[in-house]
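Take a look at the structure set out below.
Read the figures in this text as sums done on the coordinates, not as results from a lab. Quick caveat: nothing in here was measured; it's all calculated off a predicted structure. Positions of Cβ are generated from backbone atoms using ideal geometry, with glycine treated the same way; all protein chains shown enter the neighbour counts.
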């Protein structure tokens, strides 16, 4: 057989395919010591091992069959697949809202490159229309790729560029902005844009997908549809995250950018509003607010853009027996802001106290958040908390740790910009007070007065009453 029939296979797996005269894209029946498997033989990524044959089974999922378990293979058919997303011209419809999709590198709509094993994003309006034709019934879509990075490589530089780009789109009259983003750090970017873009007149909606488009359980198309409807038609003019809602495909959630967090590595419903309820639910043709208060869509183009960030800001996750030298080293390296992620109500061990005192005397801004995720910092309850406040640690209310890191970096950047504009250098105490004023003044619910009764709902499976509830509502 020609080598084209064995794309990516090598060594022992290639020998086995040749032995049984089975080709890539061939439909085959595998008899193995673990049972019988049927499916389409897929190409392998060129850097993968030679001990497995990859098969797409009838459910749509891919499995790897260990060649050591194979006793026989029979090819029962052959049809070469085309995994390129079809591209069609995105139609313009008079009367539909104009929406801009800004890409950062997330694979919200994608195809799989079996040669490399990489997921290739679809991004042009034509590609997106080919992948999700329903978008044309929702809005008139244009796209711009600002970055092409994995979400873990997003950071302050990208936050600032995004804020400026969105500000220009608002000035130019766009009616809604979508941001395609990888899910791992999507909530960091949402928080940053919430501080950098204030009082927007239109929805600014971040969206991603937990599972790529080639998987039958992908959430990509539905998330895109929900996001497009939100951006084009919702009355909620805020920075939001639009992602999967329940385990079924009924609706999505809109989460406020300062109160959302990714809470599971692989579930489609991974994003949760923490310490509050989501802003709204969204379907293919409606947005239903769950909160009474939110910023409403406006016709004006007024928006405040504050693209500032001090990169020498970090989080210090407390663990038992942490040494003072850890904090000292951060100060020695020139860090200007530290968010401590403390235990309980906001605690660390006494060994850190001298380092905290040394840091604040050098002008480092130190704020306390919680490892519990839910709840408020209460440093006045125990002596340890009161001692730390006396040494300069400031409780950050119920700010999520990641949000506090983002806001502290932004606040330090804002104060540096104030120095630049005024032409004078602030003294240590004055600078720390200015940072504190910004940090503790809520901008969009990053600090709330109280947690609603239904803002903390985490139930442990296995117990009778929870299992009865799950059986009743699970679909």
Can you put 436, 160 in order, fewest other beta carbons within 10 Å first? 436, 160
Measuring from the longest principal axis of the C-alpha atoms of the chain, the long axis of helix 220-233 (C-alpha) lies at a number of degrees, nearest 10, equal to 50
Difference of contour (0.36 nm per residue) and Cα-Cα distance, residue 149 to residue 266: 40.1 nm
Fully extended, how many nm does the chain gain between residue 350 and residue 19 (0.36 nm per residue separation, minus their Cα-Cα distance)? 112.3 nm
Sorted by mean Cβ packing within 10 Å, highest first, what order do the peptides 303-309, 421-427, 283-289 take? 303-309, 283-289, 421-427
Do the sum for the chain: with -39,500 (n - 2.57) for every DSSP H run of n ≥ 4, divided by all residues, what is the mean residue ellipticity at 222 nm, to the nearest 500 deg cm²/dmol? -8000 deg cm²/dmol
By DSSP, what percent of the beta bridges with both residues in the chain are antiparallel, rounded to the nearest 5? 55
What percent do you get for the relative contact order of the chain when only Cα pairs under 8 Å and 6+ apart count? 10
How do 48, 235 line up, fewest other C-beta atoms within 10 Å first? 235, 48
Which order do the peptides 18-28, 332-342 take when ranked by the mean count of other beta-carbon atoms within 10 Å per residue, highest first? 332-342, 18-28
Multiply the residue gap between residue 302 and residue 321 by 0.36 nm, knock off their C-alpha separation, and tell me the result in nm, one decimal place. 1.8 nm
Obtain the nm distance between the two label points defined at residue 295 and residue 198 by a simple spin-label model: each point lies 7 Å from its Cα along the Cα-to-C-beta direction. 1.0
Under the 7 Å Cα-to-Cβ spin-label approximation, residue 459 and residue 36 lie apart by a distance in nanometres of 4.2
Would you calculate the separation in nanometres between label points at residue 284 and residue 80, each defined as 7 Å from the Cα along the Cα-to-beta-carbon direction? 3.5
Classified through the alpha carbon gyration tensor (a ≥ b ≥ c as square roots of its eigenvalues; rounded if a/c is under 1.5, else prolate when a/b is larger than b/c, else oblate), segment 98-305 comes out rounded
Counting other beta carbons within 10 Å of each Cβ, put 89, 402 in order, fewest first. 89, 402
Förster radius 60 Å - calculated FRET efficiency between residue 249 and residue 387, Cβ distance, rounded to 0.05: 0.70
